Amino acid sequence: MEVINPYCCGIDVHKKSVTACLITPKGKEIRTFGTMTSDLLELVDWLEANQCTIVAMESTGVYWKPIYNLLEATDIKVLVVNAQHIKAVPGRKTDVKDAEWIADLLRHGLLRGSYIPDKGQRELRELVRYRRKMIEERSREASRIQKVLEGANIKLGDVASDILGKSGRNILEALIAGNSNVQEMAQFAQKRMKSKTALLEKSLQGLMGKHQQMMLETQLAHIDFLDAQIEKLSQEIEERMRPFEEAIERLDGIPGIGRRVVEQILVEIGLDMSRFPTDRHIASWAALCPGNNESAGKRKSGKTRKGDSSLKASLVQAVKA
């Protein structure tokens, strides 16, 4: 086979060690390094000393990121490859053989790197993904509050669409304080809930224990903390997204897509659409189209791939909206 990359290296990445197979016209050399920054700098120096021009490694969890961060600052091209695309022959798997296999595929130009955005977009992506996790955690905490209320025979959720709205929050604080006067608590109802005063009084008749009061107090404090952190992250994201304001406004005009969904789309996909020849390619990359599995003229399972879970969840949410 034709040699495309005469000076190349394949790296098998693990949590505590990396095995590198360097191939040059002089031959093949295999070395193992630790994953501390000093060890990885030694790896980079070794690659540069041997005039390596391109490196490939599997996208193993988050363990490829420290290596990528250091190699990004050099003239060495880095490919982060989907592990499914480079599976070796079964039964012959060791760290050394994995590194050799990756290096051999890279040498003959048989590897295609995954899309890795630039440093600024990667930082923004981490912020947006973390904010999404915080929002999901807030939703889980709200569900826990509902469970505590059900355990205390209080059916506030049957009357109020949002138990953490202004009316619901005042009622929860009264329950935490030990108030058992349902008529008094029902007066906290505002706007449309005022028409449900009689039903609200009935829903607040329960058996609230001391431990449940303590749990509600802790859960509300946690929700307040999460709200503050989400707001803090949103401010940082908004500041970093200012250069993309024109794209944000255009996408925000699509029915069902709000600003947070737009931000998720931009940090996951970016603005450069030249990577996708057609709209079908980007739908396939996002794993939002049927799978393609056909053999002997028969269509088999058409389930979608896992894809980018953050992007997929946001787009599904937009469709439902």
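Of note:
- Förster radius 30 Å - calculated FRET efficiency between Arg144 and Lys202, Cβ distance, rounded to 0.05: 0.80
- Built amide H within the under 5 Å cut-off of Lys77, gap 5+: Ile54, Val55
- Computed from backbone phi, the HN-Hα couplings of the range 12-26 come to 9, 9, 9, 5, 10, 8, 10, 10, 10, 10, 9, 10, 10, x, 7 Hz, rounded to whole numbers (Karplus: 6.51 cos²θ - 1.76 cosθ + 1.60, θ = phi - 60°; Gly and Pro given as x).
- By the rule of a C-alpha distance below 27 Å, with chain neighbours fewer than 8 residues away ignored, the lysines paired with Lys166 are Lys133, Lys147, Lys155, Lys191, Lys194, Lys196, Lys202, Lys210, Lys232, Lys320.
- Computed from the Cβ-Cβ distance with R0 of 35 Å, the FRET efficiency linking Val3 to Lys298 stands at 0.30.
- Couplings for the range 283-290, taken from phi via the Karplus curve 6.51 cos²θ - 1.76 cosθ + 1.60 with θ = phi - 60°, read 5, 5, 4, 7, 6, 10, 9, x Hz in order; Gly and Pro are left as x.
- Note on the range 193-293: percent of Cα-Cα distances in each 5 Å bin, starting at 0 and stopping at the bin with the largest distance, equals 2, 9, 11, 12, 12, 10, 9, 9, 9, 9, 5, 3, 0.
- For the range 99-185, the per residue solvent-accessible surface stands at 51 Å², with DNA, RNA and ligands left out and a 1.4 Å probe.
- Cα centroid separation, the range 160-187 to the range 1-80 (Å): 60 Å
- Coarse-grained scattering of the range 243-319 at q = 0.22 Å⁻¹, given as base-10 log I(q)/I(0) from a Debye sum over alpha-carbon atoms: -1.06
- Per residue solvent-accessible surface (Å²) - the range 243-319, probe of 1.4 Å: 66 Å²
- Residue-wise HN-Hα couplings along the range 212-218, as the Karplus relation 6.51 cos²θ - 1.76 cosθ + 1.60 with θ = phi - 60° gives them from phi, are 6, 4, 5, 5, 4, 4, 5 Hz; Gly and Pro carry x.
- Placing a pseudo-label 7 Å from each Cα along the Cα-to-Cβ vector at Lys119 and Gln235 gives an inter-label distance of 2.6 nm.
- A compact globular protein would have a Cα radius of gyration near 2.2 N^0.38 Å; the ratio found for the chain is 1.38.
- Accessible surface of the range 8-116, 1.4 Å probe, proportion on carbon and sulfur as whole %: 50 percent
- Where both bridge residues fall in the chain, DSSP classifies roughly 65% of the beta bridges as antiparallel.
- Panel note: the C-alpha atoms of the range 8-116, placed on their principal axes, show extents of 34, 33, 25 Å (largest first).
- Extension gain for Ser161-Ala49 works out to 33.8 nm (0.36 nm per residue, less the C-alpha to C-alpha distance).
- Solvent exposure of the range 1-78 as accessible area per residue, Å², 1.4 Å probe: 54 Å²
- The fraction of accessible area contributed by carbon and sulfur in the range 146-294 is 51 percent, rounded to a whole number (1.4 Å probe; ligands and nucleic acids excluded).
- Relative contact order of the chain, taken over Cα pairs closer than 8 Å and 6 or more residues apart, is 14 percent.
- Cα radius of gyration and Dmax for the range 120-240 (Å): 17.0, 55
- Cβ-based charge dipole, the chain, positive-most Cα from Leu204, Leu233, Gln190: Leu204
- The length gained by stretching the chain between Arg112 and Ile30 to full extension, at 0.36 nm per residue less their Cα-Cα distance, is 27.3 nm.
- Accessible area per residue was computed with a 1.4 Å probe on protein heavy atoms; Asp158 scores about 110 Å².
- The chain, helix-only ellipticity at 222 nm - DSSP H runs n ≥ 4, -39,500 (n - 2.57), divided by all residues, nearest 500: -16000 deg cm²/dmol
The values are calculated or read from the model by the stated rules, or taken from the named source; none is laboratory data. Please read all numbers here as calculations on a predicted model, not as lab measurements. In this analysis, Cβ positions are derived from the backbone assuming ideal geometry, glycine residues included, and neighbour counts consider all displayed protein chains. Quick note on the areas: whole protein, heavy atoms, side chains included, nothing else; ligands and nucleic acids left out. Shrake-Rupley method; radii C 1.70, N 1.55, O 1.52, S 1.80 Å.
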